Every structure is written in structure tokens, then in C-alpha cells.
Amino acid sequence: MGLRYLFYAILICSNVWLACQSSSGIKTIDTAEMSGEDLARQFCSRCHLFTDPSLLTKKYWKPVLDRMALHLGLETGVDPLKGKILEEAFMIRQAGLFPPEPVLADSIWERLVDYYMSEAPDSFPQVPFQETQSNELFEESFPPLDLGGFPVVTMVQFDTQRNQLYVADLNNQLLRLNRDFSIDQISAFLAPVVHLSMVDSLRLLATQIGFMDNVDQKAGLVEMTDQASLSQRARILIELIRPVFTEIGDLDGDRNPDLLVSSFGNLVGDLSWYSYNQGNYSRHILRDKPGTLQTRILDANGDGAMDVLALFGQAEEGVSLYTNMNGEFQERKLLQFHPLYGCSDFEVLDFDGDQDLDIILANGDNGDYSFVVKPYHGVRIFENVGGLNFEEKFFIPIAGATGVECADFDLDGDLDLVVNCFYPDVHHLEESILYLENLHNMKFLRRKFNVATQGRWLVSDIGDLDEDGDLDIFLGSFALGPGEFSDSITSVWRSQEKHLLYLENKIVDR
Ligand code: HEC
Ligand SMILES: [Ca+2]
Ligand SMILES: [Ca+2]
Ligand SMILES: [Ca+2]
Ligand SMILES: [Ca+2]
């Protein structure tokens, strides 16, 4: 009881502190004379990069600015904490995301809004024509999978050790499929599985998100399970906020495997590692903010200690490197993007063959406050030009790009790309899966799939399932989620049980 009161007292103080800080902010900055643009640069760069008016059309700035008004403590008639459970409201308040007092006066806010509304375009510039050809490499099929109901696949993951395919869904099921897509093993978990990490040949870790929806509840967990039956469980970490990715690695150099967990969250969340010591895990926070999508544990500077590369997709988007300095981690921001960029997935590999790691990025998340096809969404290649400094070398516009896989699919010696889209352009649904065939010299042939219209492609993976020496592609459909898609489109996504799409690579003749 005493502890609760203490928390409450801290909470009140921090609110007062915020209010003080903001009112003194108004006094020191003379907003009266500032232009709309200066106001925007002043007040809209506090939590993320500045968003230029050109990034959205007039129609879509309105709902975004209404939302951001709440982040500046303005009274809009909307309670940002409405519908939140007590625990969520507490954490969100503590994060200071919605100041209890206005940070600027209404009249100043109006000037800022006028700036966005007058500078924003009525429509986006036309994306240059993208010639698209048909797929000739892959045989397309929907293996029958009796999962019950319409597709809500939360994970597909190829197991290179077993040469089998894992599939998980919103109904907490995890399946392991054989080469002919018959079920080898099926098991019910506590929450939807979104990522697996192999511990050894006998055990694996299952990351369970808790809620797929945007909430801040601590309903996520990581469990260890045996690979044979998938049913002997041990809870390793609990009360996580929407964890999406777990990596195993020795981060403190004591030869015991530690865990690195991306708790994506929503308004709150974190990237943390958990050091293992005699059966217990202790938590160390790397980033006390939501939005981490994926990580790569690697030794970036070659000093023998493992470092962490992380991809962020919420508000402060980008890629950071956390350099390990005797178990303390120092962040270096490698790439930084504005909050409309919509980072979703990355691949870290040597794309151009000059012996350093490059970054292939898919950005197309459209699930927040502005559901419109954005000309800057797509896939980008960031080349490592030395010392982990990156330059954007290539951009392929793709509406709502969600996942990217990079490999030499046609076996001609260069790396090709496959992209899946959860927020496709309704006018080009057949492009919600694209095979980008590398023609050398940063030229890609864009190839579409007619069957792509049949699902909403949230997840993907690749692997040589039929063991013929080439890489096959697996895509999972998730026929729910935000977006303005017509009933006729969603009814196609939901009408048949097309959970899984198999693109069998035909480059190697059997
Ligand atoms: C107190 C922190 C804060 C301030 C100040 C702030 N933002 Fe944001 N902004 C966020 C967060 C957090 C998000 C992520 C989306 C959300 O709110 O859930 C975001 C998202 C956005 C997005 C992306 C919306 C989408 O549809 O994906 C835009 C655009 C944006 N902000 C613009 C602005 C502008 C313009 C201002 C100034 C008027 C501003 N922000 C001020 C915290 C802030
Ligand atoms: Ca290192
Ligand atoms: Ca390289
Ligand atoms: Ca190739
Ligand atoms: Ca194959």
C-alpha cells in the first residue's frame, strides 16, 4: 500500500514538473513573433524529426495534427487515455507523452496549423511509372491448411536445421509443417506467436506478442519450449509490452547466453537485454521508448564484444548501433527518419560485395493516422560507405511495403529482393507481392504475382523447403488490421482459407 502511494506522489510531482517546464518554455521562447514554420520547427521536433508539410496531403494533415495537439497538451475534446486500462494509463502518463497543461496557446497553435494547411499539397506528386512484368520464376500455390476461420497468420518462419516451416496465428496456434505441408506438430500457446529463436537442436524460444492491436498492456511473454512436441513450456520472461523479436547472444561476455528483447509496445515499450546468471534474468534497458522492430547481435567494431543493431518504426524511426563497452552500451544513430517513414523490416548483409554490411530497408507502415498511399514508401538500399556511415543508393517505390527478403533467387550471382505489402495500393493489389530481380548496376526488374490479390501479406520468410538447391518463398496472410479497404477486397481476403502462399522457385530443374 505504502509503495502505491509513493508512486502516486511521484506521478503528481512529475506532472507539475512538466507543467512548470512548459510554462517557462513559453516565457523564454517569444512565440508571438514566430512564423508558422518556426513554430512547427520549435514544437514539432521535440519527440521525433520535423515533418515537412509536403509529407502529407492537406486532407491527411488534419487528423494527424488533431492527434499531435494532444501531444502538446491542447484541449481537443478527445481524451487520449480513453478506453485504456489503469496500468496503461499509468505508464503513458509516466512517459509524459500528453502534457496535462498546454505547451502553447490556442492562437499560436492555429498559426502552426495554418502553416501546415497552406504549405501541404492537395495531392502527392506522381510516382514515376514503374514497369511491372509477370512472375516467371516461381510456381504459385496455396497449400491447404485447416486453421479454422479466415487467415490471421502472425508468423511464418523457416527452420533451416529441420528444413521445416513454422506457422503461427492470432488464435495462439503454432504449427510445424513438413515439406508436403502436412502438419508435423501443432500446439496452443498463451498468446499469438510472432517470432521463434532456436536455443539449440532441442529447444526454442517463442515470442508471444500478447495483443496484435495497438495497446500498451503487459500481456506479452517469451517461453522456452521443447522442439519435439512444442508443448513442454517454461516461462522465461513475462509482462512484456508487445514483444516482437527475441535474440539470443552473449552480451556481457560471461559465456552464458543472454536475451535481447524488442518490446515494440505502442506509446510505451522498450528495447532491453536480460543477462543470465544462475537461472535468473536481470533486465538492462537499451532504449526506453516504443517501436523496436528487430535487432541483430553482431560484433560491429571487431573488439570481440557483441554489439547490437536495432531497427525502430515508431515516432523516432531509424537504425541505431549500440556499441558494447564492457557491458555498458553506447548508442550511435546510423539512420534517422521522420514518423511517416513507416519502417517495417530490414536485412543486414553485404549487398554490394565490398566486405561490409549494408542495410536493405522496407518502409511502408500505414497503420497510424494517415491512411494514404505515400510516394516515399518502398524499399531502399543503404550502402555502408565505410565506418558504418550509410548512404541511400537506391529507392524502389512500393505502396505499403512491409517485409523484405534478400537473396540470390535466380542463382545468377547477385542479390534479388522479395517484398510483401500489408498496406497495398488498392488499385494495384497484384503488386502486394513483388519479386525485384537484380539486373546488375542497381537495376531491378519488377515482377508481380496475380495471386497476390488473394491475401493481405503481413509476414514472409524464405528457405529451400523442397531441397532442390534454390530458395522458395512463404507468405502469411492476415485479413484484419487498420486501413480503408473496400468490402469487396476484404471479403476476398476473408472468404477462402488462403492462409499461406507458397512460391516454389523453379530455377533449378529437378
Ligand atoms: C510529446 C511528443 C510529440 C510531439 C510534441 C509531437 N509529436 Fe508527432 N508523434 C509523436 C508520437 C508518439 C507519434 C507516434 C504516433 C502516435 O501518437 O501514436 C507521432 C507521430 C507523428 C506523425 C506520424 C503520424 C502517422 O500517421 O503515422 C506525424 C506526421 C507527426 N507526429 C507530426 C507532428 C507534428 C506536425 C507535431 C507538431 C505539431 C508533432 N508531431 C509533435 C509524438 C509527438
Ligand atoms: Ca564490439
Ligand atoms: Ca557492402
Ligand atoms: Ca540474382
Ligand atoms: Ca527450392
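The values are calculated or read from the model by the stated rules, or taken from the named source; none is laboratory data. As the structure is a computational prediction, the values presented were derived from the model and not from experiment. Here the Cβ positions follow ideal geometry from the backbone for every residue, glycine too, while neighbour counts run over all protein chains shown.
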Go through segment 165-187 residue by residue and tally those that are free of Cβ contacts under 8 Å to residues at least 40 places away in the same chain, surrounded by 14 or more Cβ atoms within 10 Å (Cβ to Cβ) and over 20 Å from Gln208 (Cβ atoms).
2
Positions within segment 117-132 being among the aromatic types (Phe, Trp, Tyr) and modelled with pLDDT of 95 or more, in sequence order:
Phe124
Identity of the residue in segment 348-367, more than 16 Å from Arg296 (Cα to Cα) and in contact (Cβ under 8 Å) with a residue 60 or more places away in the chain, that ends up nearest to ligand 2 (Cβ to nearest atom)
Phe351
Need the failing condition index for Glu328 against (1) away from ligand 1 (no atom under 16 Å from the Cβ); (2) in contact with a strand residue (DSSP E or B) (Cβ under 8 Å, 6 or more places away or on another chain), just the number.
(2)
Which pairs do you get when a residue that is under 15 Å from Ile297 (Cα atoms), found in segment 245-273, comes within reach of a residue that is among the basic types (Lys, Arg), reach meaning Cβ atoms under 6 angstrom, with the pair 6+ apart or on two chains?
Leu271/Arg287; Ser272/Arg283
Could you check segment 251-271 and list, in sequence order, the residues that are within 27 Å of Ala315 (Cβ to Cβ) and either part of a loop (DSSP other than H, G, I, E, B) or within 16 Å of ligand 5 (Cβ to nearest atom) (or both)?
Leu251, Phe264, Gly265, Asn266, Leu267, Val268, Gly269
Pick from segment 431-476 the residues that are of a type in the set (D, E, K, R) and within 16 Å of ligand 5 (Cβ to nearest atom): which of them is surrounded by the fewest Cβ atoms within 10 Å (Cβ to Cβ)?
Glu467
First in segment 410-422 and β-branched (Val, Ile, Thr), second anywhere and within 16 Å of ligand 3 (Cβ to nearest atom), Cβ under 9 Å, 6 or more apart
Val418/Cys406; Val418/Ala407
Scan segment 479-490 and tell me whether some residue there is in a strand (DSSP E or B), surrounded by 15 or more Cβ atoms within 10 Å (Cβ to Cβ) and either of a type outside the set (Lys, Arg) or in contact with a Ser or Thr (Cβ under 8 Å, 6 or more places away or on another chain) (or both).
no
Residue ID - surrounded by the fewest Cβ atoms within 10 Å (Cβ to Cβ), chosen from residues in segment 291-324 that are within 16 Å of ligand 1 (Cβ to nearest atom) and in a loop (DSSP other than H, G, I, E, B):
Ala315
If you take the residues in segment 383-396 that are hydrophobic (A, V, I, L, M, F, W, C) and in a loop (DSSP other than H, G, I, E, B), which one is surrounded by the most Cβ atoms within 10 Å (Cβ to Cβ)?
Leu388
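A quick yes/no check of all residues on (1) of a type in the set (Asp, Glu); (2) closer than 30 Å to Leu480 by Cα; (3) within 16 Å of ligand 4 (Cβ to nearest atom):
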| residue | (1), (2), (3) |
| --- | --- |
| Met306 | no, no, no |
| Leu309 | no, no, no |
| Ala315 | no, yes, no |
| Asp345 | yes, yes, no |
| Val348 | no, yes, no |
| Leu357 | no, no, no |
| Tyr369 | no, yes, no |
| Lys393 | no, no, no |
Hey, can you tell me all the residues within segment 338-361 that are within 16 Å of ligand 1 (Cβ to nearest atom) and over 13 Å from Ala310 (Cα atoms)?
His338, Pro339, Leu340, Tyr341, Gly342
Within segment 349-370, count every residue that is within 14 Å of ligand 3 (Cβ to nearest atom) and either more than 16 Å from Asp461 (Cβ to Cβ) or in a loop (DSSP other than H, G, I, E, B) (or both).
10
Which condition number does Asp416 fail, the rest of (1) surrounded by fewer than 22 Cβ atoms within 10 Å (Cβ to Cβ); (2) more than 16 Å from Val152 (Cα to Cα) being met?
(1)
Only listed residue being of a type in the set (A, V, I, L, M, F, W, C), touching a residue at least 12 places away in the same chain (Cβ under 8 Å), over 15 Å from Glu405 (Cα atoms) and surrounded by fewer than 23 Cβ atoms within 10 Å (Cβ to Cβ), chosen from Leu334, Leu340
Leu334
Restricting to segment 492-510, what's the tally of residues that are over 15 Å from Val153 (Cα atoms), of a type outside the set (A, V, I, L, M, F, W, C) and at pLDDT 95 or above?
3
Scanning segment 492-506 residue by residue, those over 21 Å from Asp180 (Cβ atoms) and surrounded by 13 or more Cβ atoms within 10 Å (Cβ to Cβ) turn out to be Val492, Trp493, Arg494
Expected output for segment 384-398 (first residue over 22 Å from Leu445 (Cα atoms) and modelled with pLDDT of 95 or more, partner among the acidic types (Asp, Glu) and more than 16 Å from ligand 5 (Cβ to nearest atom), Cβ below 7 Å, 6+ apart or cross-chain) is Asn384/Asp356; Asn384/Asp358; Val385/Glu391; Phe390/Glu383; Glu391/Glu383
Elements of type strands (runs of 3 or more DSSP E) in segment 397-472, at least 2 residues being away from ligand 2 (no atom under 16 Å from the Cβ) and of a type in the set (Val, Ile, Thr):
401-407, 416-421, 457-463
Test: residue in segment 81-95 that is surrounded by 15 or more Cβ atoms within 10 Å (Cβ to Cβ), of a type in the set (Val, Ile, Thr) and more than 20 Å from Ala315 (Cα to Cα)
no
Provide a single number: the residues in segment 317-345 that are within 14 Å of ligand 2 (Cβ to nearest atom) and under 16 Å from Glu383 (Cα atoms).
1
Picking from Asp216, Asp226, Asp159, Asp200, the residue that is modelled with pLDDT of 95 or more, touching a strand residue (DSSP E or B) at 6+ places or on another chain (Cβ under 7 Å) and more than 23 Å from Trp457 (Cβ to Cβ) would be Asp226
